[in-house]
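> Below is a structure I'd like to ask you about.
The values are calculated or read from the model by the stated rules, or taken from the named source; none is laboratory data. Since the structure is predicted, the reported quantities are computational estimates derived from the model, not experimental observations. Cβ coordinates were reconstructed from backbone atoms using ideal geometry, including for glycine residues, and neighbour counts include every protein chain displayed.
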Amino acid sequence: MSSFKRKKHNYCNRFFVIGIICFLFINRPTISIVQANGGPVDGNGLIEGGNIEFIGVDDISIIEENLDIVITRDYVDVNVEYILSNEGQEREVDYIFPILIWLEEHGNGSAFIDNISMKDGDSELEYSIIETEIDNDETGKRFNDDYGSAKIQNLYSQLFFNEKEMKKLIISYRTKGMFLDWGISNTFFLHDLSDNYFSYDLSPASNWGDGQADSFFLTVDYSDLLQAEGNIINTNLTNFEVNNFDGIYTYKEKDYDFKKHSMIEIEYSNKIYREKNYMQKTRLEQDAFKEVKVSSTLVALGDYSYQNTNLFDNNLDSCWSEGVKGVGIGETIELTFDQGIYLTGVALVNGNIRNEETYTNNNRIKELKIEFIDDLGQVTSVKDILFEDISYNNIDKDHIYNNMKVILDYGDGRKVERENTIIRLTILDVYAGKKYDDTCISEILAYGYYSNENDNFTDVNNLASDFVEGEDLKDSLSDSNEIDKLRTMNEYLVDYQKSQDELANSYSSVDKKLTVESNEYLLLVIGLIVILIVIIVRVKKQYDKTNG
């Protein structure tokens with residue numbers, strides 16, 4: 001083939017490719033999606049507690065150490081009591097209580113620590129926080145590959161001893177176990193939840209005195225974690241039993257050598273609680289709907305009603321039931337959403353799960369049609385969903401989220417751009433009940449968030465409160481720089497939320513510009529096809545003429 005023929009051949013191909021790209025661009029979906037990529041949705045840096053260390057002192061010893069670690073579904077509370085003996089003269093001594101913090105480089109660039117307290121007996125001690133950035137290599141620890149930076153917060157204070165005096169020093173604080181949860185942008189309901197990790201380094205106490213405690217008592221209380229369906233997964237605690245159903249671990253040892261037994265490591269899981277908590281926070285209440293309309297309702301039986309409000313009452317002992325003769329094929333539920341809501345997902349709990357009898361005696365949905373209807377009444381998308389007929393033995397009424405079937409999943413969110421936007425659910429097929437022809441739904445769960453600016457500020461303030469809690473911040477943190485940091489974090493979160501809203505609005509405006517009414521859409525497609533045909537005919541004529 002000559003170079004001219006190759007150029008003409010490539011010329012035709014280019015026009016053809018350009019035409020296809022234009023056609024696909026015009027045909028692209030008009031769903032308004034926010035944030036295209038997955039990423040961290042929640043997390044906390046690694047906190048490693050440390051034992052007390054006296055500075056330049058060799059003749060103070062630990063008579064007794066009582067270390068209590070309480071792991072709850074939300075926090076880790078540490079309380080350590082030392083019985084100290086001054087073997088020397090009257091004096092004031094300096095000491096530090098180190099807390100090592102690793103910050104994970106993928107997004108959880110913060111670590112929660114609060115409720116710090118130091119007491120000399122019953123008297124509160126003043127302290128200051130001396131923070132030092134360190135190279136991960138300097139720590140010689142296990143997490144260097146996963147963490148981007150590390151620092152030590154040394155809680156610095158002083159103790160006054162009389163000659164040959166024994167006294168009790170009490171130090172406590174609250175933190176969270178390290179975790180990092182990831183969200184996936186193309187699905188709202190699936191998250192990559194990590195386990196939690198907490199460690200405590202006893203070795204600083206080996207650097208002064210004789211490096212030992214005459215008596216060492218350790219208690220790990222994780223009873224609250226068990227109640228939240230969590231558990232300890234892995235630990236180096238001596239003689240620890242995973243199936244310890246009371247959730248209390250105790251350990252005692254005399255002449256405890258802090259060099260030989262220097263590290264306490266606890267890996268635990270509260271995934272079920274975190275997932276449930278996340279779902280509860282993002283569930284839309286009934287006032288998010290302008291209207292919930294059903295095509296029929298079964299007549300009430302005594303005090304037990306089957307009205308449509310039962311679909312959103314967060315009560316698995318109630319349900320909605322269609323009320324037509326027969327099994328309810330073709331009956332509908334229409335959800336009209338408020339304008340401006342970002343809808344991330346919809347799920348439902350199939351059947352009347354009040355008890356096994358009501359579940360098996362009534363119909364359950366087998367197939368459901370879902371239609372998205374715009375404000376002009378036009379159906380913009382249709383989807384059919386098949387349901388598995390789940391045995392009642394697998395129903396878990398204590399946890400509504402274990403029973404739901406996801407029917408719509410918009411990942412990071414689909415914005416309801418216009419008023420009177422409707423999601424219509426139509427019953428296509430059912431699993432027959434043993435006794436009745438009534439088809440039931442126990443609950444509909446809609447998830448999302450509001451785009452209203454005031455709501456966003458409320459959410460940001462709630463999020464910021466996770467960093468520091470307590471009635472009086474100044475009582476919790478003595479360093480004013482730490483307070484300034486938290487205020488800066490709060491301002492950052494507000495600015496971040498604003499930027500996200502602006503980004504969402506920009507996506508929305510782009511979508512509006514690219515969205516055309518159906519008649520205009522059809523004319524554009526026809527016009528494009530005509531243009532492509534004309535171009536191809538002209539190029540072919542030129543090609544034939546040149547090679548004729």
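> Among the residues in segment 453-469, are any of a type in the set (Ser, Thr, Tyr), surrounded by 18 or more Cβ atoms within 10 Å (Cβ to Cβ) and modelled with pLDDT under 85? Let's see the steps before the verdict.
In the first step, residues of segment 453-469 are kept if they are of a type in the set (Ser, Thr, Tyr); the result is 458, 465.
Now restrict to residues that are surrounded by 18 or more Cβ atoms within 10 Å (Cβ to Cβ): none.
No, the conditions are met nowhere in segment 453-469.
> Then there's this: Mind listing whichever residues of segment 223-273 are of a type in the set (A, V, I, L, M, F, W, C), under 20 Å from residue 51 (Cα atoms) and free of Cβ contacts under 8 Å to residues at least 40 places away in the same chain? Give the derivation first.
In the first step, residues of segment 223-273 are kept if they are of a type in the set (A, V, I, L, M, F, W, C); the result is 225-226, 228, 232-233, 237, 240, 242, 245, 248, 258, 263-264, 266, 272.
From the residues that got through so far, the ones that are under 20 Å from residue 51 (Cα atoms) too are 237, 258, 263-264, 266.
The answer is 237, and nothing else.
> Further question: I'm trying to understand the selection: among the residues of segment 49-59, which are part of a strand (DSSP E or B) and surrounded by fewer than 19 Cβ atoms within 10 Å (Cβ to Cβ)? Even if it seems obvious, please write down each step before you answer.
Let us first name the residues in segment 49-59 that are part of a strand (DSSP E or B), namely 49-50, 53-54.
Within segment 49-59, just 53 meets the criteria.
> If the Cβ limit is 8 Å and pairs must be 6+ apart or interchain, which residue in segment 420-436 that is in a loop (DSSP other than H, G, I, E, B) pairs with which residue that is surrounded by fewer than 18 Cβ atoms within 10 Å (Cβ to Cβ) and modelled with pLDDT of 95 or more?
Filtered contacts from segment 420-436: 433/360; 433/361; 434/360; 434/361; 435/361; 436/361.
> Across segment 26-48, which residue is modelled with the highest pLDDT among those that are within 23 Å of residue 268 (Cβ to Cβ) and crowded, with 18+ Cβ neighbours inside 10 Å? Give the steps one after another, and end with the answer.
Residues of segment 26-48 within 23 Å of residue 268 (Cβ to Cβ): 40-48.
Going one step further and asking which of them are crowded, with 18+ Cβ neighbours inside 10 Å, we end up with 42-48.
Numbers: 42: 59, 43: 61, 44: 63, 45: 62, 46: 63, 47: 67, 48: 73.
Applying the filter and picking the extreme gives 48.
> Additional query: So which strands (runs of 3 or more DSSP E) are wholly in segment 225-300 and hold at least 3 residues that are more than 28 Å from residue 196 (Cα to Cα) and assigned by TED's automatic domain parsing to the domain that holds residue 404? First the steps, then the outcome.
Values: elements: 231-235, 248-257, 263-269, 289-294.
Filter on segment 225-300 gives 289-294.
> Residue 259 versus (1) touching a Gly at 6+ places or on another chain (Cβ under 9 Å); (2) surrounded by 15 or more Cβ atoms within 10 Å (Cβ to Cβ): which is the lone unmet condition?
(2)
> Would you check if there is a residue in segment 128-146 being surrounded by 18 or more Cβ atoms within 10 Å (Cβ to Cβ), modelled with pLDDT of 70 or more and closer than 16 Å to residue 55 by Cβ?
We begin by selecting, within segment 128-146, every residue surrounded by 18 or more Cβ atoms within 10 Å (Cβ to Cβ); these are none.
Checked against the condition, which is being surrounded by 18 or more Cβ atoms within 10 Å (Cβ to Cβ), modelled with pLDDT of 70 or more and closer than 16 Å to residue 55 by Cβ, segment 128-146 yields no hits at all.
> For segment 182-204, name all the residues that are outside any strand (DSSP E or B) and modelled with pLDDT of 85 or more.
So in segment 182-204, the residues outside any strand (DSSP E or B) come out as 185-186, 193-195, 202-204.
Listed by number, the residues that qualify are 195, 202, 203, 204.
> Quick one: in segment 205-231, which of the residues that are among the small types (Gly, Ala, Ser) and more than 29 Å from the chain's Cα centre (by Cα) is surrounded by the most Cβ atoms within 10 Å (Cβ to Cβ)? Don't jump to the end; show me each part of the working.
To start, the set of residues in segment 205-231 that are among the small types (Gly, Ala, Ser) comprises 205-206, 209, 211, 213, 215, 223, 228, 230.
So of that shortlist, the ones also more than 29 Å from the chain's Cα centre (by Cα) come out as 205-206, 209, 211, 213, 215.
Numbers: 205: 24, 206: 18, 209: 19, 211: 16, 213: 26, 215: 15.
Taking the candidates together, the pick is 213.
> Here is a follow-up. Of the residues in segment 351-400, how many are part of a helix (DSSP H, G or I) and either among the β-branched types (Val, Ile, Thr) or without any contact (Cβ under 8 Å) to a residue 40 or more places away in the chain (or both)?
Start the filter on segment 351-400 by keeping residues that are part of a helix (DSSP H, G or I), which leaves 356-361, 392-394, 400.
Checking which are either among the β-branched types (Val, Ile, Thr) or without any contact (Cβ under 8 Å) to a residue 40 or more places away in the chain (or both) leaves us with 356-360, 392-394, 400.
Residues meeting the conditions: 9.
> So, of the residues in segment 232-256 that are closer than 30 Å to residue 208 by Cβ and β-branched (Val, Ile, Thr), which turns out to be surrounded by the most Cβ atoms within 10 Å (Cβ to Cβ)? Quick ask: steps written out before the conclusion?
The initial filter retains those residues of segment 232-256 that are closer than 30 Å to residue 208 by Cβ, namely 235-240, 249-256.
Right, trim to β-branched (Val, Ile, Thr) and you get 235, 238, 250.
Values: 235: 17, 238: 10, 250: 10.
The residue in question is 235.
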